[in-house]
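Worksheet: the structure to be examined is printed underneath.
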Amino acid sequence: MNRINKVLETKKNILSIYFTAGYPNLDDTEKIINELSKSDVDMIEIGLPFSDPLADGPTIQKSSTIALKNGMNTENLFVQLKNIRNKTNIPLIIMGYFNPILQFGVEKFCKSCNDVGIDGMIIPDLPVDIYEKKYKPLFDKHGLLNMFLITPQTSDKRIKFIDKVSNGFIYMVSSFSITGAVNSFGFEQKNYFKRINKMNLKSKLLIGFGISNSSTFKDAIENSNGAIIGSAFINFLKENKIEDIGKFVQLIRG
Amino acid sequence: MKISFNVNKMGYYGDFGGAYIPEMMYSNIEELRSKYLDICSEKKFQSEFNELLKQYVGRPTPLYFAERLSKKYNTKIYLKREDLCHTGAHKINNTIGQILLAKRLGKSRIIAETGAGQHGVATATVCALMGIKCIVYMGEVDISRQAPNVARMKMLGAEVKPAISGSKTLKDATNEAIRDWINNPVDTHYIIGSVVGPHPYPDMVARFQSVIGDEVKKQLKELEGTKKPSYVIACVGGGSNAAGLFYPYLDDEKVKIICVEAAGKGIDTGMSAATSILGKEGIIHGAKTLLMQSTDGQITEPYSISAGLDYPGVGPMHANLFRTKRGEFISITDKEAMEWGLSLSRLEGIIPAIETSHAFAVLDKKKFKKDDILVFNCSGRGDKDLDTYIDYFKL
């Protein structure tokens, strides 16, 4: 069974952490993954940096710009991840925009993911419709799950379609917002979480965007199977040592 | 069946186009996609649109026979005078269309991106006209380069927000506008200024600009007894003025299409915006098209002396014109364009925008026959570029 599905089936209150590969330093990728695996984290999203990350806020864009300046690229990431499966069994997801993947070659990308032990992908600008028509067989062939986003604006009909195509979790965007933009969840957001939960989807739900501390994390896990943290972790890395990642995770877990 | 060079039902021009958008944009794009054709074909919409184009923009713009230019090059040269439109360029045809559309969609807030500021001014203008709130994203670098247009937008009541990410130019302003839209999906309409972005934008903007080509057809019939020129010629950054001129001729291969790109300091100098030569198929701002990028798929910063042409991609319509060879692509350096700015001023008494000057330089690159009819899109006037002309020619 895919490592992501195993975690989704066996764990509650899932914490998934995003970081940008190549940030703060080019060679931090392995160190960050190892440190996260040692702490109380259930999944890791490795951000493949892109020059024009439309769906991300300023924190992640800045970290991407620095990562690219440091020399991070697709080829390099796979080299850095070459031996990662000797060290950890934690589910690993690559989150990246579609153009770098397209230039690398979608099939070659999927194969490389499988070779190093990546379990799934989040590609915000590859819509579910195009994925289903064109790329799903490639992902399936290489054992990769693909996770899709839904937002408060996504219609029930489309959510059902996304649920049908999904084979991992559904990434529930907490609000009308790019990453890192909110600090606490309000009435409207909680209603949205409830509405989705009532739909009885087959896919598990993870809430992302705007989760930055133990109280937003708590709100999220009350309404879903878990939460994804990105910007807050990037901000942590900016000011703290990689060895202290465990402390960040503890703070979130509360 | 004959191949069409126009958009298909799925939003593609051949291999190019589509909507590669994050889910956060889906509801907005889907709303537009499902409604734009119906709204635009409403009688009331059309009469309002045409009335504003006539009374407010000053259409139809003349199709002017450039006698001295024609004599010099021994061919028949017509200029479609979009430079005479209100606000000084063709850009306003599109913003009029989109503001009427936004009103019908019930939107109360308008956002736009701008490079040189022309589209920003055209958007601020129609927002003032309709009394709708307007926010224009502009790269921090461009804000300092284009002070007069920033001032115009402010006078018109728009808020100009600096894009401080990435290279701080047009592509980043576009990113910021898209982010704004993601954060404000309910009350906001995003007026994109060119035939770029996810479907239906390229088609919608092309339709609003197609008034240019439609007028040419009528005017040429009166002047020359034929609706069909031998060539239609326009500069291409994102490609909206070109799309507007070409639109009614796309599938009539007797009319040849020439797209003129900015070579900047030269194709091989690393300071260029000639996307057809330097670009590769990829995805930018939600569309599959040709774009300038690193081998790793990072979008690279283009360069041209003319701010309206330094976009790292071209619209999907143009990418398809290039790939299918329906259009001929010619690139013109800064120097050639600047000299043509001066030539057109002295030969015809028309000071063109530097973008527009690029198109005319084709006359030195290609031999035309005596009885060929050439229609150039004289897309904008040079007032906004005076500082650049002053610097360049030490006027």
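Details
- Given +1 at the Cβ of Lys and Arg, -1 at the Cβ of Asp and Glu and no other charges, the dipole of region B:169-319 around its Cα centre is 420 debye to the nearest 20.
- Test item: Cα-centred dipole of the protein assembly as shown, Lys/Arg +1 and Asp/Glu -1 on Cβ, debye: 1300 debye
- Most simply put, the protein assembly as shown has about 20% antiparallel DSSP beta bridges, counting only bridges with both residues inside it.
- Across the accessible surface of region A:3-253, with the other protein chains kept in place and a 1.4 Å probe, carbon and sulfur atoms take up 49 percent.
- Under 19 Å from the Cα of B:K44 - lysines, other chains or at least 8 residues apart: B:K35, B:K54, B:K103, B:K107
- Listed pairs A:K12/A:K164; B:K72/B:K217; B:K228/B:K365; A:K133/B:K288 exceeding 19 Å between Cα atoms: A:K12/A:K164; B:K72/B:K217; B:K228/B:K365
- Loop chymotrypsin sites (Phe, Trp or Tyr not before Pro), region A:90-145, which have at most 12 other Cβ atoms in a 10 Å radius of their Cβ (DSSP): none
- Placed amide H near A:L145: partners under 5 Å, 5+ positions off or other chain: A:G120, A:M121
- Listed cross-link partners A:K11/A:K194; A:K62/A:K111; B:K280/B:K370; A:K157/B:K43 are compared with a 27 Å cut-off, the Cα-Cα value being larger for A:K62/A:K111; B:K280/B:K370; A:K157/B:K43.
- Compactness of region A:3-253 - radius of gyration and Dmax, Cα, Å: 16.7, 45
- Selection from A:L26, A:I245, A:I207, by position along the positive dipole direction of chain A (Cβ): A:I207
- Structural descriptor for chain A: relative contact order 23 percent, calculated from alpha carbon pairs under 8 angstrom and at least 6 residues apart.
- Centroid-to-centroid separation of region B:20-43 and region B:336-360 [C-alpha atoms, Å]: 38 Å
- Distance from the C-alpha centroid of region B:244-309 to that of region A:185-208: 43 Å, rounded to the whole angstrom.
- Order by protection proxy (mean Cβ within 10 Å, highest first), peptides B:329-336, B:223-230, A:224-231: A:224-231, B:329-336, B:223-230
- Counting only other chain Cβ atoms within 10 Å of each residue's Cβ, the peptide A:96-109 averages 4.
- Averaged over the residues of B:279-286, the number of partner chain Cβ atoms lying within 10 Å of the residue Cβ comes to 4.
- Max mean-square fluctuation residue, GNM over chain B, Cα-Cα springs under 10 Å, options B:G297, B:G282, B:G88: B:G297
- Loop-located chymotrypsin sites (Phe, Trp or Tyr not before Pro) in region A:13-52 whose Cβ has at most 11 other Cβ within 10 Å (DSSP): none
- Farthest toward positive dipole pole in chain B [+1 Lys/Arg, -1 Asp/Glu at C-beta], among B:C378, B:T114, B:T125: B:C378
- Burial ranking of peptide ranges A:142-149, B:377-384 (average Cβ count within 10 Å, highest at the top): B:377-384, A:142-149
- Contact order for region B:48-114, expressed relative to its length and based on alpha carbon pairs under 8 Å spaced 6+ residues apart, stands at 28 percent.
- For B:R59, solvent-accessible area (1.4 Å; no DNA, RNA or ligand), Å²: 10 Å²
- Overall shape: prolate for region A:50-116, with the ratio a/c of the largest to smallest alpha carbon gyration tensor axis at 1.5 or above and a/b above b/c.
- Nearest-20 debye value, chain A charge dipole, Cβ charges on Lys, Arg, Asp, Glu: 700 debye
- Neighbour net charge for B:I99 - beta-carbon separation under 14 angstrom, K R +1, D E -1: +4
- Signed unit charges on C-beta, dipole axis of the protein assembly as shown, positive-most listed residue B:A274, B:P200, B:G166: B:P200
- Projected onto planes of every orientation and averaged, the convex hull of the alpha-carbon atoms in the protein assembly as shown covers 28.7 nm².
- Cα point-scatterer Debye curve for chain B, base-10 log of I(q)/I(0) at q = 0.07, 0.11 Å⁻¹: -0.27, -0.71
- A 1.4 Å probe run over the protein chains yields, for region B:333-386, 38 Å² of accessible area per residue, whole-number rounding.
- Converting the Cα gyration tensor eigenvalues of region B:102-237 into ellipsoid dimensions via √(5λ) gives semi-axes, longest first, of 30, 18, 15 Å.
- Placing a label point 7 Å from the Cα of B:K103 along the Cα-to-Cβ direction, the residues of region B:131-157 with a backbone N closer than 17 Å are B:131-134.
- Rolling a 1.4 Å probe over the heavy atoms of the protein chains gives region A:3-253 an accessible area of 39 Å² per residue.
- Among the cysteines of the protein assembly as shown, those whose beta-carbon sits 4.7 Å or more from every other cysteine beta-carbon are A:C110, A:C113, B:C40, B:C85, B:C235, B:C259, B:C378.
- Chain pair A, B: total accessible area buried, heavy atoms, 1.4 Å probe, Å²: 2900 Å²
- Length-normalised contact order of chain B in % [C-alpha pairs under 8 Å, at least 6 apart]: 20 percent
The values are calculated or read from the model by the stated rules, or taken from the named source; none is laboratory data. Note that the structure is a prediction, hence the values are computed from the model and not measured. When we count neighbours, we look across all protein chains shown, and the Cβ atoms used for this are built from the backbone with ideal geometry, even at glycine. Side chains included, ligands, DNA and RNA excluded: accessible areas come from the protein's heavy atoms. Shrake-Rupley method; radii C 1.70, N 1.55, O 1.52, S 1.80 Å.
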